[in-house]
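For reference, the structure is listed below as structure tokens.
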Amino acid sequence: MDIFLKASASILVMLILYLSVSKYNKDFSALLSIACCCVILFAAISYMKPIIDFIHKLKNLGNIDSNFIRIILKAVGIGMITEITVMICADSGNASLGKSLQILSSAVILWISLPVLNQLIDLLDQILGAI
């Protein structure tokens, strides 16, 4: 919780700086926005360690292939990075670039998920074949 409070305080400080600088220098205010997003990303990453430990515990209990866990974590990471980048694009006045990135990230997530989807199809084939 301490990291969350520190990140929130730094975000408020950066927001005040952003609002005061944006009137005079749009380029510097965009850099402040990117820096603020990086602070948020690092704070979010610090909270991911217990979640990853929990996922590994589930993996061991359920005897799940570690490649599937890796794919899920990659998809979550791609989604988080995409959302931050889309917000930066929108703040910089280029929302269409952000929307294009969302389409690209959706395609990449589907692409990296193909092994999981193939395994699911094989499992359904086995289940339906046994009926």
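Principal axes first, then extents: for the Cα atoms of segment 1-122, list largest minus smallest coordinate on each axis, whole Å, largest first.
On the principal axes, segment 1-122 reaches 59, 36, 11 Å in Cα extent.
Sorted by average packing, counted as other Cβ atoms within 10 angstrom per residue and highest first, what order do 45-53, 33-41 take?
For the peptides 45-53, 33-41, the packing ranking is 33-41, 45-53.
Can you give the FRET efficiency for Val116 and Ala35, using 1/(1 + (r/R0)^6), R0 = 35 Å, r = Cβ-Cβ distance, to the nearest 0.05?
According to the calculation, E is roughly 0.50.
Counting each DSSP H run of 4 or more residues in the chain as -39500 (n - 2.57), what helix-only mean residue ellipticity at 222 nm follows after dividing by all residues, to the nearest 500 deg cm²/dmol?
Per the formula, -31500 deg cm²/dmol.
Simple spin-label model, 7 Å along Cα-to-Cβ: Ala107 to Ile3 in nm?
Going by the 7 Å Cα→Cβ label model, 3.4 nm.
Taking +1 at the Cβ of each Lys and Arg and -1 at the Cβ of each Asp and Glu, which of Cys36, Ile88, Phe68 sits farthest along the dipole of the chain towards its positive end, judged by Cα position relative to the Cα centre?
My answer, from the dipole projection, is Cys36.
Please report, to two decimal places, log10 I(q)/I(0) for segment 67-131 at q = 0.18, 0.20 Å⁻¹ as given by the Debye formula with identical point scatterers on the Cα atoms and no solvent.
For the requested q values the scattering log ratios are -0.70, -0.78.
Any chance you could give the angle, 0 to 90 degrees and rounded to 10, that helix 26-62 forms with the longest Cα principal axis of the chain?
The two axes meet at around 20 degrees.
Could you give the nm distance between label points at Asp27 and Arg70, where each point is 7 Å from its Cα heading toward the beta carbon?
Using points 7 Å along Cα→Cβ, the separation is 4.2 nm.
Treating only the Cβ of Lys, Arg, Asp and Glu as charged (+1, +1, -1, -1), what charge dipole size does segment 46-91 show about its Cα centre? Round to the nearest 20 debye.
240
Over the Cα atoms of segment 49-104, each weighted equally, I'd like the Debye log10 I(q)/I(0) at q = 0.14, 0.20, 0.26 Å⁻¹, rounded to two decimals.
Calculated log10 I(q)/I(0) at the listed q: -0.51, -0.71, -0.93.
Throughout, read-outs are computed from the coordinates displayed, never taken from laboratory work. Keep in mind it's a predicted model, so treat the numbers as computed, not measured. Cβ atoms come from the backbone with ideal geometry, glycine included; neighbour counts cover every protein chain shown.
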